[in-house]
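Everything below concerns the one structure shown next.
The values are calculated or read from the model by the stated rules, or taken from the named source; none is laboratory data. Treat the numbers as computed from the prediction; the structure is a model and nothing was measured. Glycine gets a Cβ as well: all are built from the backbone with ideal geometry, and neighbour counts include every protein chain shown. What goes into the accessible areas is simple: the full protein's heavy atoms, side chains included, and nothing from ligands, DNA or RNA. Shrake-Rupley method; radii C 1.70, N 1.55, O 1.52, S 1.80 Å.
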Amino acid sequence: MPTTINKDGQTIGRKGAESRARLLTAGRDLLGTVPVHRLTASGIARAAGLASQSFYLYFRDVDELLLLLCLQASEDMDELHAALDGDWHADALDAHAQRFVAAFYRYWDRHRTVLNLRNFLADNGHMRFDAERNAASMPIVSAIAGHITAAHGGAQAADGDSAPSGEVRLSQTDAFARAVVIFAAIERMASRYSDLKATDSSIGPTDLKRAEAHILSLLLTRP
């Protein structure tokens with residue numbers, strides 16, 4: 001939830017909330033044109049049409065503003081969770097998977113600049129951004145793992161346990177590992193697919209989404 005107190009300990013009123021929102025919008029907009037290492041508090045304030053000192057009324061530093069942008073992106077995942085809710089029926093796996101992949105791409109299209117920044121900083125050892133990425137991603141990964149587990153007859157306590165029929169069931173570890181792999185692949189493609197628009201590749205975004213949905217549905221298909 002957004003804080004209601006500024007850095008001077010004062011309650012943030014309507015004008016303060018508007019100024020804070022303008023700073024966040026300016027920071028988000030600048031991410032599309034300015035390398036992250038060149039983002040400054042004064043530059044963000046100037047882009048927001050505010051005095052430089054205004055920045056420090058609401059944010060300790062640039063990283064705090066960027067982290068809040070990441071948190072806001074993470075709060076816009078309802079469509080993803082909805083796509084994973086409920087049972088995925090065996091006779092409609094492709095449809096379920098396509099719905100999820102389409103929602104994932106739409107999410108990235110809405111927040112591409114912020115999410116690319118979050119992942120870049122996380123990959124480069126910024127622990128707060130890594131923690132935020134994990135907090136946003138793990139519920140999705142866990143939901144995918146749950147569908148994989150359900151599709152293969154339920155998790156067993158150890159790898160390789162067999163059902164009474166002799167069918168080998170996936171362990172929770174295996175199901176989660178497969179979910180991590182498919183999530184990472186879908187996220188990577190969602191973050192980079194727009195690059196294909198600048199090439200002469202015969203493979204386009206629609207092909208990628210269809211392939212990802214098909215691979216996901218295969219993970220949910222019992223052998």
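Numbers for the structure displayed
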read-out: Members of segment 61-99 found to be out of contact with any His (no Cβ under 8 Å at 6 or more places or on another chain) and farther than 30 Å from Leu30 by Cα, listed by number; value: Ala82, Asp85, Gly86, Asp87, Ala90, Asp91, Ala92, Leu93, Ala95, Gln98, Arg99
read-out: Some residue of segment 145-153 being at pLDDT 95 or above and open to solvent by 20 Å² or more (accessible area, probe 1.4 Å); value: no
read-out: Qualifying residues in segment 64-101 (those that are closer than 18 Å to Thr221 by Cα, in a helix (DSSP H, G or I) and charged (D, E, K, R)) - the one least open to solvent (accessible area, probe 1.4 Å); value: Asp94
read-out: Selected residue (only one of Arg118, Arg106 is surrounded by fewer than 19 Cβ atoms within 10 Å (Cβ to Cβ), within 26 Å of Leu67 (Cα to Cα) and either modelled with pLDDT under 95 or under 12 Å from the mean Cα position of the chain (by Cα) (or both)); value: Arg106
read-out: Lone qualifier among Arg192, Arg222, Arg169, Arg210 - being surrounded by 11 or more Cβ atoms within 10 Å (Cβ to Cβ), at pLDDT below 85, more than 26 Å from Phe120 (Cα to Cα) and basic (Lys, Arg); value: Arg169
read-out: Residue within segment 43-58 that is of a type outside the set (A, V, I, L, M), under 18 Å from the mean Cα position of the chain (by Cα) and outside any loop (DSSP other than H, G, I, E, B) present; value: no
